[in-house]
Amino acid sequence: MELNRRDFVRRAVLVSSSILFPSHLLARRKEERWVPAYEKLEREGKLAQRIEQAYAIFEKCQLCPRMCGVNRKKGEKGFCRAPLNPVVFSYHPHFGEELSVVGQNGSGTIFFSNCNLRCIFCQNWPIAHEGKGKEIRDEDLAEMMLSLQKIGCHNVNLVTPTHVMPNILNATRIALKKGLHIPLFYNTSGYERVEILKILDSIVDIYKPDVKYMDSDKAEKYSTGAKDYPEVVKKAVLEMHRQVGVHQVDRRGIVVRGVMIRHLVMPNRVAGTEKFVKWVAEALPKNTYVNIMAQYRVEYKAFEHPEIARGITVQEFMEAMDWARQYGLTNLDPQSKALWEFYRQRRSG
Ligand code: SF4
């Protein structure tokens, strides 16, 4: 068969492109786009079902361990005082989080009003305790997610999401249909029910739970009667780890999946830091990301309680970091490590 020039060129291009870009490499390039968990679940046809399951809980609200049982669809309010619709205080790129969360363009943070834990030293008390913010529809929440993505944020950072989880899932699906593709980042006090977290399995890619206390009497006193907090948070963190594993970053060093635990050092060892790091070292991989934070300050009603009515000392922060290292934790937050190093050098200098 004779080839004309056009056929020859076409075949030559096809042959050379198959040498330069063999089909298995092309397939891999396609697969390389990072796909958020919620998108995969939607492809499997299961996301809508989860939303339905989550929304049904509003009829007898048991979204968190307070288990109020109120019918939020009928306007009843429980301990968190949250209505059926989400109330949002603000949304914007946030640069005050961990480096792998913030990246170059910031974390797309949505601050939800109201809270199911309500600590008396809360730094966001006008939002969490007093519910300041604007009530919106799930469709508006979806638009917020998309606008944060549009300006380059690396994730949708949902701050205090527990009591609005069904709305978040619904908004995520609406936004997904309009092109949302950045990971959901569940930024929680850790006061979560395992049964509820299971609904988030294969939807949320990054969990950032606080672990605030290891002693129930402290939790009861400083977090509005949440005596069961230590037992609840430990089970919740284990479930989060089962779902998403340890902290993973992309080529730019930006987190795409995993658990990042936050622990705020409190004055007079109120937070039970040694017990906390020991528990992490025994219950989770040693390379679990742990941020031991030094920024406790006296807020809201903390000044009424002498035990927590002061900032922490350098000594209190240093002993916390020393315990973490002694128990073998290998993935401590870089900024905390730098602070530890700074004080260490000042002491030895
Ligand atoms: S989310 Fe609010 S209403 Fe529902 S159980 Fe928790 S505190 Fe109660």
(request) Please work out which residue is surrounded by the most Cβ atoms within 10 Å (Cβ to Cβ), limiting yourself to the stretch 71-107 and to residues that are farther than 23 Å from Ala236 by Cα and in contact with a Cys (Cβ under 7 Å, 6 or more places away or on another chain). (result) Ser107
(request) Kindly indicate whether any position in the stretch 98-107 is at positive phi, within 14 Å of the ligand (Cβ to nearest atom) and not β-branched (Val, Ile, Thr). (result) no
(request) Kindly indicate which of Ile182, Ile174 is surrounded by fewer than 24 Cβ atoms within 10 Å (Cβ to Cβ), more than 21 Å from Gly78 (Cβ to Cβ), of a type in the set (Val, Ile, Thr) and under 20 Å from the mean Cα position of the chain (by Cα). (result) Ile182
(message) Just to be sure before I move on: is Arg269 over 22 Å from Asp215 (Cβ atoms) and over 14 Å from the mean Cα position of the chain (by Cα) in the structure I sent?
(response) no
(request) Test each condition in (1) over 19 Å from the mean Cα position of the chain (by Cα); (2) within 11 Å of the ligand (Cβ to nearest atom); (3) under 16 Å from Asn167 (Cα atoms) for Lys73 and report the one that comes out false. (result) (2)
(request) Would you check if Thr160 is in contact with a Ser or Thr (Cβ under 9 Å, 6 or more places away or on another chain) and of a type in the set (S, T, N, Q)? (result) yes
(request) Consider only pairs whose beta carbons are under 7 Å apart and that are at least six residues apart or on different chains; among these, list those whose first residue lies in the stretch 131-155 and is in contact (Cβ under 8 Å) with a residue 60 or more places away in the chain and within 17 Å of Tyr38 (Cα to Cα) and whose second residue is of a type outside the set (Gly, Ala, Ser) and surrounded by 14 or more Cβ atoms within 10 Å (Cβ to Cβ). (result) His154/Asn105; His154/Ile182; His154/Ile254; Asn155/Val101; Asn155/Ile182; Asn155/Pro183; Asn155/Phe185; Asn155/Ile206
(request) Return yes or no: is Tyr38 closer than 15 Å to Asp138 by Cβ, in a helix (DSSP H, G or I) and touching a residue at least 24 places away in the same chain (Cβ under 8 Å)? (result) yes
(request) Can you run down the residue pairs with Cβ atoms below 9 Å, 6 or more apart or on separate chains, where the first is in the stretch 89-105 and under 15 Å from Pro183 (Cβ atoms) and the partner is surrounded by 14 or more Cβ atoms within 10 Å (Cβ to Cβ) and of a type in the set (D, E, K, R)? (result) Glu97/Lys208; Glu98/Lys208; Glu98/Arg262; Glu98/Asp333; Val101/Lys208
(request) Please specify each residue of the stretch 187-224 satisfying the condition of being without any contact (Cβ under 8 Å) to a residue 12 or more places away in the chain and buried (at least 23 other Cβ atoms within 10 Å of the Cβ). (result) Ala219
(request) Any chance you could count how many residues in the stretch 65-90 are in a loop (DSSP other than H, G, I, E, B) and either within 21 Å of Gly133 (Cα to Cα) or touching a Pro at 6+ places or on another chain (Cβ under 8 Å) (or both)? (result) 12
(request) Select, from Gln49, Gln62, the only residue that is outside any loop (DSSP other than H, G, I, E, B) and either within 14 Å of the ligand (Cβ to nearest atom) or exposed (fewer than 13 other Cβ atoms within 10 Å of the Cβ) (or both). (result) Gln49
(message) Out of everything in the stretch 217-257 that is farther than 20 Å from Cys68 by Cα and of a type in the set (Asp, Glu), what residue ends up being farthest from the chain's Cα centre (by Cα)?
(response) Asp217
(request) Kindly provide the set of residues from the stretch 133-157 that are within 29 Å of Tyr296 (Cβ to Cβ) and either at pLDDT below 95 or crowded, with 19+ Cβ neighbours inside 10 Å (or both), ordered by number. (result) Leu148, Cys153, His154, Asn155, Val156, Asn157
(message) Name the single residue that is nearest to the ligand (Cβ to nearest atom) among those in the stretch 146-164 being more than 11 Å from Pro93 (Cα to Cα) and hydrophobic (A, V, I, L, M, F, W, C).
(response) Val164
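The values are calculated or read from the model by the stated rules, or taken from the named source; none is laboratory data. Everything numeric here is computed off the predicted structure, so don't read it as measured data. Methodologically, a virtual Cβ is constructed for each residue, glycine included, from the backbone with ideal geometry; neighbour enumeration extends over all protein chains shown.
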